[in-house]
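I have placed the structure first, in the form of structure tokens, so that the comments after it can refer back to it.
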Amino acid sequence: MNPKSLLITGGAGFIGSNFIRLFLQSHRDIELVNLDKLTYAGNLESLHDVESDLHYHFYRGDIADAPFVKRLFHEWHFDAVINFAAESHVDRSILGPQVFIDTNVRGTMTLLEAAREFGVDRFVHISTDEVYGSLGATGKFVETTCVSPNSPYSASKASSDMLVKAWETTFHVPILITRCSNNYGPYQFPEKFIPLMIINAMQNKELPIYGDGLNVRDWIFVDDHCRAIETVLFRGKIGEVYNIGGSNEIPNVEMAKLILSKLGKSESLLKFVTDRPGHDRRYAMNSDKIQIELGWKTTNSFEEGLQKTIRWYIDNEKWWTRITSGEYKDYYKKQYGTER
Ligand code: NAD
Ligand code: TYD
């Protein structure tokens, strides 16, 4: 795999922006196109440091807009696609599922159709451990675990995975699917658990813990996920699914307590609140396949990753206060001259 042009969708979100930054550091012979709709979760300020890179090109658009997507494929002749774009927050999917179907399902199909029509060497679809549903106290998800999603978000991601598989079987689109556990790290939107806990603790605000706080997530530092995606892009086997996990299973309340202690704050800030409907109890990933077959492994210990993340939110208060105030929405207009 030696791509000359790579389409990244959803590159102004949390994982996509981290991926673009890392990728541009080590690949200087590829044109990288970032297609993003800039929903509330898309923030071009996260890519401020790379926007003048001559190999980086930004387009604002919707992955579900077929004429627009086709024009882009026609113009760029992409060798590879990595589809990060999605509605990604479970709580929002409970409040309003429609946009999850529009983007995660219909948008993915639109990209698959363009990949089929114009031809690509690789189509990497970024999925999630949440498609497997919920685990009991023991066991881990493997790639052959039955897909059994419980939230509108995970159901939409599972649906997109099914479409991706079908486009390979029926139309021979050269796809690969990655399913990763919960990410944390710099540039994560403050509605997600870890940044919310850090930011609230920094401001001496209550930390909302759903239910009994004993739901378990398997946390991975975002750079390790990005390196796994890069590995799959270059060395993955077409048609395969790869699980990616951090092997860091922690109950939510323990994570919140850890963050409080690292920031020197009192546990009295913990506030147990009404549980999320359909809240999956436990996720845990078996990542043997990508480790054994492709040689990937994590390089950030949980201790290091969490320390870097907390440091980043302390040092980058401007980034997140511009989100909480809504000012980040003006950035696109300022840089590109049109209304958001
Ligand atoms: P995010 O919400 O931070 O970013 C999503 C990005 O997609 C935003 O920039 C948004 O503007 C863009 N987008 C949304 N709808 C679009 C559309 N119709 N057309 C074009 N762009 C659109 O999400 P994230 O946390 O960076 O997650 C990225 C991907 O990784 C998602 O597919 C998600 O399901 C998957 N994933 C996330 C995690 C996690 O812990 N965050 C774990 C596993 C997998
Ligand atoms: P989240 O970051 O929304 O990721 P996901 O639901 O996709 O795993 O939430 C992580 C865990 O933290 C999940 O078990 C729900 C819980 N949670 C809280 O307890 N309080 C909160 O305010 C949020 C946003 C999440």
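The values are calculated or read from the model by the stated rules, or taken from the named source; none is laboratory data. Nothing here was measured: the structure is a model prediction, and the numbers come from that model. All Cβ positions, even for glycine, are placed from backbone atoms using ideal geometry, and neighbour counts span all protein chains on display.
Restricting the search to the range 14-56, which residues are of a type in the set (Lys, Arg) and surrounded by fewer than 18 Cβ atoms within 10 Å (Cβ to Cβ)? ARG28 - this is the single residue of the range 14-56 that is of a type in the set (Lys, Arg) and surrounded by fewer than 18 Cβ atoms within 10 Å (Cβ to Cβ).
If you go through the range 37-51 and keep only what is more than 16 Å from ligand 2 (Cβ to nearest atom) and not basic (Lys, Arg), you end up with LEU38, THR39, GLY42, ASN43, LEU44, GLU45, SER46, LEU47, HIS48, ASP49, VAL50, GLU51. Would a scan of the range 292-305 turn up a residue that is over 30 Å from ASN243 (Cβ atoms) and aromatic (Phe, Trp, Tyr)? No, because not a single residue in the range 292-305 is over 30 Å from ASN243 (Cβ atoms) and aromatic (Phe, Trp, Tyr). Between LEU258, LEU263, LEU269, the distinction of being farther than 30 Å from ARG235 by Cα, among the hydrophobic types (A, V, I, L, M, F, W, C) and more than 16 Å from ligand 2 (Cβ to nearest atom) belongs to LEU263 only.
For beta carbons closer than 6 Å, sequence separation of 6+ or different chains, a first residue in the range 289-307 that is modelled with pLDDT of 95 or more and a second that is among the basic types (Lys, Arg), the qualifying pairs are GLN291/LYS297; LEU294/ARG235. If you check PHE193 against the conditions, is it touching a strand residue (DSSP E or B) at 6+ places or on another chain (Cβ under 6 Å), buried (at least 18 other Cβ atoms within 10 Å of the Cβ), closer than 29 Å to ASN300 by Cβ and of a type in the set (Phe, Trp, Tyr)? Criteria not met by PHE193.
Here LYS271 fits the description: touching a residue at least 12 places away in the same chain (Cβ under 8 Å) and basic (Lys, Arg).
Among the residues of the range 18-35, are any assigned to a loop (DSSP other than H, G, I, E, B) and among the aromatic types (Phe, Trp, Tyr)? So far as the range 18-35 goes, no, none of its residues is assigned to a loop (DSSP other than H, G, I, E, B) and among the aromatic types (Phe, Trp, Tyr). Among the residues of the range 154-167, is there at least one that is part of a loop (DSSP other than H, G, I, E, B) and under 17 Å from the mean Cα position of the chain (by Cα)? No - not one qualifying residue is present in the range 154-167.
Looking only at residues in the range 100-123 that are part of a helix (DSSP H, G or I) and among the small types (Gly, Ala, Ser), which one is nearest to ligand 2 (Cβ to nearest atom)? Checked the range 100-123; the qualifying residue nearest to ligand 2 (Cβ to nearest atom) is GLY107.
Can you find a residue in the range 201-213 that is more than 10 Å from ligand 2 (Cβ to nearest atom) and crowded, with 16+ Cβ neighbours inside 10 Å? Yes, the range 201-213 has at least one match. When SER93, SER88 are screened for being in a loop (DSSP other than H, G, I, E, B) and touching a residue at least 24 places away in the same chain (Cβ under 8 Å), only SER88 passes.
Among the residues making up the range 278-300, those that are more than 16 Å from ligand 2 (Cβ to nearest atom) and not β-branched (Val, Ile, Thr) are ASN286, SER287, ASP288, LYS289, GLN291, GLU293, LEU294, GLY295, TRP296, LYS297, ASN300.
If you go through the range 45-82 and pick out every residue that is near ligand 1 (Cβ under 9 Å from one of its atoms) and more than 21 Å from THR110 (Cα to Cα), you end up with 1.
Limited to the range 251-278, what total is found for residues that are surrounded by fewer than 16 Cβ atoms within 10 Å (Cβ to Cβ), more than 16 Å from ligand 1 (Cβ to nearest atom) and within 25 Å of the chain's Cα centre (by Cα)? Within the range 251-278, residues that are surrounded by fewer than 16 Cβ atoms within 10 Å (Cβ to Cβ), more than 16 Å from ligand 1 (Cβ to nearest atom) and within 25 Å of the chain's Cα centre (by Cα) number 4.
Residues that are in contact with a strand residue (DSSP E or B) (Cβ under 7 Å, 6 or more places away or on another chain), within 16 Å of ligand 2 (Cβ to nearest atom), of a type outside the set (A, V, I, L, M, F, W, C) and touching a residue at least 40 places away in the same chain (Cβ under 8 Å): does the range 165-173 have at least one? Within the range 165-173 (the criterion being in contact with a strand residue (DSSP E or B) (Cβ under 7 Å, 6 or more places away or on another chain), within 16 Å of ligand 2 (Cβ to nearest atom), of a type outside the set (A, V, I, L, M, F, W, C) and touching a residue at least 40 places away in the same chain (Cβ under 8 Å)), the answer is no, since none of the residues qualifies. On the basis of being within 16 Å of ligand 2 (Cβ to nearest atom), of a type in the set (A, V, I, L, M, F, W, C) and closer than 30 Å to ASN2 by Cβ, does ALA86 make the cut? So ALA86 passes the test.
When every residue of the range 191-200 is checked against the conditions, at least one turns out to be within 11 Å of ligand 1 (Cβ to nearest atom), farther than 26 Å from LEU112 by Cβ and not in a helix (DSSP H, G or I). In the range 242-263, the residues that are closer than 30 Å to ILE290 by Cβ form Cβ pairs under 7 Å with partners that are more than 15 Å from ligand 2 (Cβ to nearest atom) and small (Gly, Ala, Ser), at six or more places apart or across chains, as follows: TYR242/GLY236; ASN243/SER287; ILE244/ALA228; ILE244/SER287; GLY245/SER287.
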